[in-house]
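The values are calculated or read from the model by the stated rules, or taken from the named source; none is laboratory data. Predicted, not measured: the structure shown is a model, and the values here were computed from it. All Cβ positions, even for glycine, are placed from backbone atoms using ideal geometry, and neighbour counts span all protein chains on display. Please note that ligands, DNA and RNA were not included when accessible areas were found on the heavy atoms of the full protein model with its side chains. Shrake-Rupley method; radii C 1.70, N 1.55, O 1.52, S 1.80 Å.
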Amino acid sequence: MKSGPIVTIVHSDQQPDPALMAPVDARATVRYTDSAGLAAALPGTDVLFIYDFQSHALPDAWPAADRLSWLHIGATGVDTVMFDELRDSDVVVTNTRGVFDTAIAEYVLGQILDFAKDLSGSKRLQRQEIWQHRESERIAGATALVVGTGSIGRAVAGLLRAAGMRIRAVGRRARTGDPDFGTVATDLIAELPAADYVVAIAPLTDDTRHMFDARAFGAMKPHARFVNVGRGELVVTDDLVAALETGAIAGAALDVVDPEPLPPGHPLWQLPNAHITPHNSGDFAGWRTEIVTVFTENFEHWLAGRPLDNVVDKTLGYVPG
């Protein structure tokens with residue numbers, strides 16, 4: 001039997017590329033399992049890699065984690081693995097911060113341009129073979145409120161500023177002179193009335209769950225658009241549907257929803273001012289390779305006893321800084 005630590009990898013229908021996992025396989029016993037088999041695979045496990053970042057299996061399987069010291073998730077958000085027993089344990093949690101930043105920022109810019117230039121409307125008219133001249137909006141000079149000041153929020157702010165937009169931000173700590181955001185406020189409701197576009201990228205925590213509710217949408221301009229690339233549970237979905245149906249806000253681009261996946265027949269599917277994508281804003285070609293590389297490089301740190309990259313503050317629910 002191979003000596004060394006035991007590494008368990010939770011995957012869905014696709015496992016990590018064996019060639020990428022070779023550095024780990026050479027120095028550890030690697031167990032592969034799906035979510036259903038996690039409890040059986042956990043005993044003796046030193047390191048757990050949640051490659052299937054949408055798995056919710058860990059809380060139920062937790063009693064079998066008798067030797068776990070480090071958990072890594074192949075995503076930026078850690079809400080799917082965060083629960084009281086893990087928070088109270090000595091297990092170190094790391095995430096894949098940084099991999100998806102640019103791709104998500106590009107998605108946000110694309111959705112804002114789609115709203116401003118009505119690209120979706122042009123495609124509909126093209127399919128109907130209708131030549132209809134229209135005017136469009138400019139995004140230069142418009143104000144974008146970025147809600148969430150982590151690395152993805154910073155990438156979003158940088159790209160939108162490069163497109164000529166004015167940037168403000170809401171975060172956990174108020175400050176001025178931030179290199180990416182300028183002013184960071186803490187009062188969401190106070191900031192919403194000035195925004196033409198609101199971008200939600202906050203981590204999902206007890207403090208942020210349902211932060212976008214009827215009061216928040218009521219505080220926004222009627223011509224404002226809402227873009228959610230954080231978590232669906234940041235939003236009270238029924239309140240968002242009502243805001244879109246009544247014209248309280250002009251539109252929403254949703255890469256994440258609650259419930260997820262969005263079930264057939266849900267009203268969001270048919271709303272003409274809603275853009276729905278299947279939680280893929282960060283999934284650029286090659287993303288799977290990059291998330292495995294982040295893990296394998298951190299594994300080398302762990303073996304050598306060096307500090308790990310992207311350590312999550314389990315109380316806050318994200319990587320500080």
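Answer yes or no as to whether A214 is over 25 Å from L119 (Cα atoms), more than 22 Å from the chain's Cα centre (by Cα), at pLDDT 95 or above and open to solvent by less than 40 Å² (accessible area, probe 1.4 Å). No; evaluated as a whole, the condition is false for this residue.
So is I276 within 21 Å of the chain's Cα centre (by Cα) and of a type in the set (A, V, I, L, M, F, W, C) or not? Considered against the rule, which asks whether it is within 21 Å of the chain's Cα centre (by Cα) and of a type in the set (A, V, I, L, M, F, W, C), I276 comes out as yes. Consider segment 290-314 and keep the residues that are of a type in the set (V, I, T) and part of a helix (DSSP H, G or I). The one that is nearest to the chain's Cα centre (by Cα) is I291. Among residues of segment 218-234 that are touching a residue at least 60 places away in the same chain (Cβ under 8 Å), those with a Cβ under 7 angstrom from a residue that is of a type in the set (D, E, K, R) and open to solvent by less than 10 Å² (accessible area, probe 1.4 Å), sequence gap 6+ or separate chain, pair up as V229/D255. Scanning segment 268-286 for residues that are assigned to a loop (DSSP other than H, G, I, E, B) and either basic (K, R) or more than 23 Å from G74 (Cα to Cα) (or both) returns L271, P272, N273. Considering the conditions (1) open to solvent by 10 Å² or more (accessible area, probe 1.4 Å); (2) not in a loop (DSSP other than H, G, I, E, B), G265 is excluded by exactly one of them, (2). Apart from one condition, I291 fits all of (1) crowded, with 16+ Cβ neighbours inside 10 Å; (2) under 30 Å from E137 (Cβ atoms); (3) not aromatic (F, W, Y); the exception is (2).
Could you please let me know if L86 is open to solvent by 10 Å² or more (accessible area, probe 1.4 Å), farther than 30 Å from E135 by Cα, part of a helix (DSSP H, G or I) and touching a residue at least 60 places away in the same chain (Cβ under 8 Å)? Taking the combined requirement at face value, the residue does not satisfy it. For segment 232-261, a residue qualifies if it is open to solvent by 40 Å² or more (accessible area, probe 1.4 Å), charged (D, E, K, R) and within 19 Å of the chain's Cα centre (by Cα), and the qualifying residues are E233, D258, E260.
Within segment 116-131, residues that are assigned by the TED database to the domain that holds V198 have Cβ atoms under 8 Å from residues that are in a helix (DSSP H, G or I) and acidic (D, E) in these pairs: S120/D114, counting only partners at least 6 apart in sequence or on another chain. Consider D178 carefully, then state whether it is under 19 Å from A105 (Cα atoms) and surrounded by fewer than 24 Cβ atoms within 10 Å (Cβ to Cβ). Judged against the criteria, D178 is a match.
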